[in-house]
Structures are given as structure tokens and as C-alpha cells.
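The values are calculated or read from the model by the stated rules, or taken from the named source; none is laboratory data. Small disclaimer: the values here were computed from a predicted structure and weren't measured. When we count neighbours, we look across all protein chains shown, and the Cβ atoms used for this are built from the backbone with ideal geometry, even at glycine. Just so you know, the surface numbers come from the protein's heavy atoms only, side chains and all, with ligands and any DNA or RNA stripped out. Shrake-Rupley method; radii C 1.70, N 1.55, O 1.52, S 1.80 Å.
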Amino acid sequence: MKSILYYILLLLICTSCKNQSPTNVFTPVAVTNMGIFEIQNPIVQDTILYYNNFKSNYVDQRNLEIWLPQGYPLTNVDYKLLYMHDGQNVFNKSTSNYGKAWEIDEKMDSLSIINAIQPTIVVTTWSHPKKRMNEYMPQQPKELTQSKFAKSELKKKTGYDQLYSDQYLKFVTEEVLPFINANFQVSEEPKDNIIMGSSMGGLISLYAMIEYPNTFGNAGCFSTHWPVPYLGEAFIESLPETIPQAKNHRIYFDYGTETLDKEYEPYQKRVDSMFLHKGYTGINYKSLKFEGHEHDENYWRRRVAPSLVFLLN
């Protein structure tokens, strides 16, 4: 009976694991919303843990995926944490919205083998199929995003008259991160927490670092979608007052020159000047232009490795 209960609990905790070594042992120690466990034996190959319908008090439930590197858990190592948005597009083409994926697990493997990055766990949550824009658009400045005009425009564009980015970040910081900290061998130092995304995911990554500077020390913003009608311009204008102190943070921006990305350069140059004025330098700030790159996962996959080295080293 004990053996049967063990495997039932294991199935509840981890619905499936990619490339999992048969020698890995998962030992449940308690049960919470999604289950708590510890991994006793080191992972020989990298592993992805899948949690379907992770519940939240702030946003609609969604899938959570966690990538564990080879050799996890190394003794006396507090792993860095890379949190990524749009999790359905991060690891697997089969779950991607467009049949394209970042394939971050392969990039992390390659960089780890040559010691280009420090030991890191990758955590992703899937975006909501209908509320992505509402959850990823920063609620800054507050008085503007809550105005009647903003609500009316949002209703026309998305079907919802509210922004939910503050609630989404509470979901990340008050529910997902505590779950990760309780169950995995990760550092809780801001300098070891990186948040990353593309397009609207770039906006919410920057906003996360602004709103939670003592949680996220680093942010990666790919093809940041600045030209959101009405709201995007207001967010940019508010940045000089809200950008966190340079000495404690590191940030990466980039953009291409084709499809949606061809609109981004003038916005990005304005943002660059704001960060430079705030004291950011080449040591903790990167903003790169990629000629011919388009606005999709194939191009983000091609240029993500250098950003990982910058943010995880």
C-alpha cells in the first residue's frame, strides 16, 4: 500500500519529466497546493518538471515548468533562478503558440558544459491565452492605467477593461517563488534572480525589476514592445522616476530590424538614455541591435546565449 501511495503522490507532483534518469529518486516530504518534495540523488541528465494548472489567488491557474540542470543538486550550491514568461514557448515546439521555441534547456546545457554560466534553475509559467496583454502591460503610471479612457481602450483591444500586471507579479513573487524556494536549492539573493521575456514579456520583465527591486536583480528584455497605444508612451515617460539603482541591478535589452521589431529603435534609444542617465554602464547594461532579425522565437533563440552569459555570470 505504501508503494502505491508513493507513486500516486509522485504522479500528482510531477506529471511528466523530460530526459529523467531512471536513478533519480523523488521523496515526498509534505503536500501543499502542488506538492513538496526533495531530490535526493543528483540528476544525470537535465530534467523538466511539469505542473499543470498551478493554482493562484491572484490570476487564473496556469501551467508551471521547471528545468533542472545536469548534476542537480550539487552540494553547497545555491542555484541562480531564471524566471521566464510565456512558458509554453520556452522549451518545447509542440506546446508553442507558433511551433517555435527558445529551446532554453539546450542553450543552458551548452553554456553549462563550458562553465560560461553559473548553476541555474529555469522556471516558466504559461501566459493566459486571452489576458496576456492585460497581465504583461505595466500598471505604470497607476493614475493613467486606471483612467476611464485607458479602460475603454483596453476593452476594445482585449475584451477586458483592466490591467492585471500587478496581480500577475504578486502571483510570481508571492506564490511561484516561495514554492520554488521551499522545494529547490536556490539562492534568494536578488543578484541571483533573473526575470526574462520577449515582446510584452520584455515590458513585464522590466516592470518586475522596477516593482520588486529587492527580488529581481537582473532582467532580460528581448524585442520589448514599447509602442503599445497610449499606455506604452506613458510607461516610457515614467521610467526616469522608477528605474532602480544601477549598483544593484543588471539589465539586457535587444531588438531586431524586421517585422514588429523595425518599430522599436527610436523607443529603445530613448530608454537607453534614461538608464545611462541613471548611472548604468556597459558593466551592468546591454542594449543591442540585430540587423535582419524578426519578431519571433527563432530569432530570440539565436541571440539568447550571450544574454544568458551576461545575466548569469
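Set the Förster distance to 22 Å, then compute FRET efficiency between residue 288 and residue 146 from the Cβ-Cβ distance, nearest 0.05.
Details: r = 34 Å, r/R0 = 1.56.
Step by step, r from the Cβ atoms, then E = 0.05.
Can you give the relative contact order of the chain as a percent, counting alpha carbon pairs under 8 Å and 6+ residues apart?
15 percent.
In µm²/s, what is D for the chain at 20 °C and 1.002 mPa s, where D = kT/(6 pi eta Rh) by Stokes-Einstein and Rh is the Kirkwood radius from Cα pairs?
Using the Kirkwood radius from Cα pairs, D works out to 107 µm²/s.
Report for the chain the percent antiparallel among DSSP-assigned beta bridges with both residues inside it, nearest 5.
Counting DSSP beta bridges with both partners in the chain, the antiparallel share is about 40 percent.
Between the DSSP loop rule and a limit of at most 13 other Cβ atoms within 10 Å, which trypsin sites (Lys or Arg not before Pro) in region 134-171 are left?
none
Springs between alpha-carbon pairs under 10 angstrom, Gaussian network model over the chain: which of 78, 60, 46 fluctuates most?
Highest fluctuation of the listed residues: 60.
Take the solvent-accessible surface of the protein heavy atoms, probe 1.4 Å, and return the percent of it on region 115-183 that carbon and sulfur atoms account for.
Whole-percent figure for carbon plus sulfur exposure: 50.
For region 139-175 and region 210-265, compute the distance between their C-alpha centroids and round to whole Å.
17
What is the gain in length, in nm to one decimal, between residue 281 and residue 157 on full extension, counting 0.36 nm per residue of separation less the C-alpha to C-alpha distance?
Between residue 281 and residue 157, full extension yields 40.9 nm more.
Classify region 112-174: rounded, prolate or oblate, from the alpha-carbon gyration tensor (a ≥ b ≥ c, eigenvalue square roots; a/c under 1.5 rounded; otherwise prolate if a/b is larger than b/c)?
Numbers: a/c = 3.31, a/b = 2.59, b/c = 1.28.
Taking the square roots of the gyration eigenvalues as a ≥ b ≥ c, region 112-174 is prolate.
Sum up the charges of everything whose Cβ sits under 14 Å from the Cβ of residue 80, counting Lys and Arg as +1 and Asp and Glu as -1, but leave residue 80 out.
Local charge sum for residue 80: -2.
For a test of the definition: using alpha carbon positions, the gyration tensor, and the 1.5 limit on a/c, classify region 40-106 as rounded, prolate or oblate.
oblate
Kindly express, to the nearest 10 degrees and within the range 0 to 90, the angle between helix 297-311's C-alpha long axis and the longest C-alpha principal axis of the chain.
For helix 297-311, the angle is close to 80 degrees.
Working from Cα positions, state the angle (0 to 90°, nearest 10) between the long axis of helix 104-113 and the longest principal axis of the chain.
That works out to roughly 70 degrees.
Taking the simple approach of a point 7 Å from Cα along Cα-to-Cβ for both residue 95 and residue 262, what is their distance in nm?
Going from the residue 95 label point to the residue 262 one covers 3.4 nm.
Which of the pairs 100/289; 100/130; 157/262; 151/278; 80/170 have their Cα atoms more than 27 Å apart in this structure?
Numbers: 100/289 22 Å; 100/130 20 Å; 157/262 22 Å; 151/278 32 Å; 80/170 20 Å.
Table pairs above 27 Å Cα-Cα are 151/278.
Would you please give the FRET efficiency between residue 174 and residue 302, computed as 1/(1 + (r/R0)^6) with r the Cβ-Cβ distance and R0 = 45 Å, to the nearest 0.05?
0.85
From the square roots a ≥ b ≥ c of the eigenvalues of the alpha-carbon gyration tensor of region 119-244, which class results: rounded (a/c under 1.5), prolate (a/b over b/c), or oblate?
The shape class here is prolate.
For region 213-295, what percent of Cα pairs sit more than 16 Å apart? Spell out each step's value before the answer.
Values: 1790 of 3403 pairs.
Counting pairs separated by more than 16 Å, the tail of P(r) holds 53 percent.
In region 211-291, which GluC sites (Glu not before Pro) are in a loop and have at most 14 other Cβ atoms within 10 Å, using DSSP for the loop call?
Listed in order of number, the matching sites are 258, 291.
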